[in-house]
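Encoded as structure tokens, the structure appears first; notes follow it.
The values are calculated or read from the model by the stated rules, or taken from the named source; none is laboratory data. Remember, predicted model here, so these are calculated numbers, not experimental data. Neighbour counts are summed over all protein chains in view; Cβ atoms, including those assigned to glycine, are modelled from backbone coordinates with ideal geometry. Ligands, DNA and RNA are excluded from the accessible area calculation, which covers all protein heavy atoms including side chains. Shrake-Rupley method; radii C 1.70, N 1.55, O 1.52, S 1.80 Å.
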Amino acid sequence: QVQLVESGGGLVQSGGSLSVSCEVSGNINRIYNLGWYRQAPGKQRELVALTIIGGSVNYSDSVKGRFTISRDNTKNAVHLQMNNLKPEDTAMYLCYGVIRTVGGTTPEPYWGQGTQVTVSS
């Protein structure tokens, strides 16, 4: 079993900052991709930022220059610092990982429950 548990988020005014964190626990052999997606009501889930094993990072164009993702492999954790937040950033932020478990043969996708980020105008 693998668990992804998010923390952080909350309510902030437009232009403000928030951070969200995710810790991965369980029967982990190796974490490949680890990062964040978001989903607003009535909209499709979309990539926010993703760290790739080896060190590369992908950001959505909508958050480039405002959000920074960082990964702590010693703690199996990933953090997302969000600056200059806009009302359109309002969404449920979900931690996502591609993880191979101990005894597993292939990496599998895992999701956290999500943490809400609300930006008021």
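What the table below lists for this structure:
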{"quantity": "Subset of segment 3-16 [surrounded by fewer than 20 Cβ atoms within 10 Å (Cβ to Cβ) and in a strand (DSSP E or B)]", "calculated": "Gln3, Val5, Ser7, Gly8, Gly10, Leu11, Val12, Gln13"}
{"quantity": "Some residue of segment 111-121 being modelled with pLDDT under 95, of a type in the set (S, T, N, Q), loosely packed, with under 13 Cβ neighbours inside 10 Å and under 22 Å from Gln3 (Cα atoms)", "calculated": "no"}
{"quantity": "Extreme residue, most open to solvent (accessible area, probe 1.4 Å), among residues of segment 25-38 that are in contact (Cβ under 8 Å) with a residue 60 or more places away in the chain and over 14 Å from Leu80 (Cα atoms)", "calculated": "Arg30"}
{"quantity": "Any hit, segment 17-26, residues being modelled with pLDDT of 95 or more, under 11 Å from the mean Cα position of the chain (by Cα) and not in a strand (DSSP E or B)", "calculated": "no"}
{"quantity": "Elements of type strands (runs of 3 or more DSSP E) contained in segment 74-113, each with 1 or more residues being more than 14 Å from the chain's Cα centre (by Cα) and polar (S, T, N, Q)", "calculated": "91-101"}
{"quantity": "Residue within segment 49-60 that is surrounded by 17 or more Cβ atoms within 10 Å (Cβ to Cβ), among the hydroxyl-bearing types (Ser, Thr, Tyr) and farther than 16 Å from Val117 by Cα present", "calculated": "yes"}
{"quantity": "Inter-residue pairs, beta-carbon under 7 Å, first within 19 Å of Ser17 (Cβ to Cβ) and in segment 50-75, second of a type in the set (Asp, Glu) and modelled with pLDDT under 95, 6+ apart", "calculated": "none"}
{"quantity": "Matching residues, segment 80-105, being touching a strand residue (DSSP E or B) at 6+ places or on another chain (Cβ under 7 Å) and open to solvent by 70 Å² or more (accessible area, probe 1.4 Å)", "calculated": "Gln81, Lys86, Val102"}
{"quantity": "Cβ-Cβ under 6 Å pairs, at least 6 apart or on other chains, segment 91-118 side closer than 18 Å to Leu50 by Cα and touching a residue at least 60 places away in the same chain (Cβ under 8 Å), far side open to solvent by 60 Å² or more (accessible area, probe 1.4 Å) and of a type in the set (Phe, Trp, Tyr)", "calculated": "Leu94/Trp111; Tyr96/Trp111"}
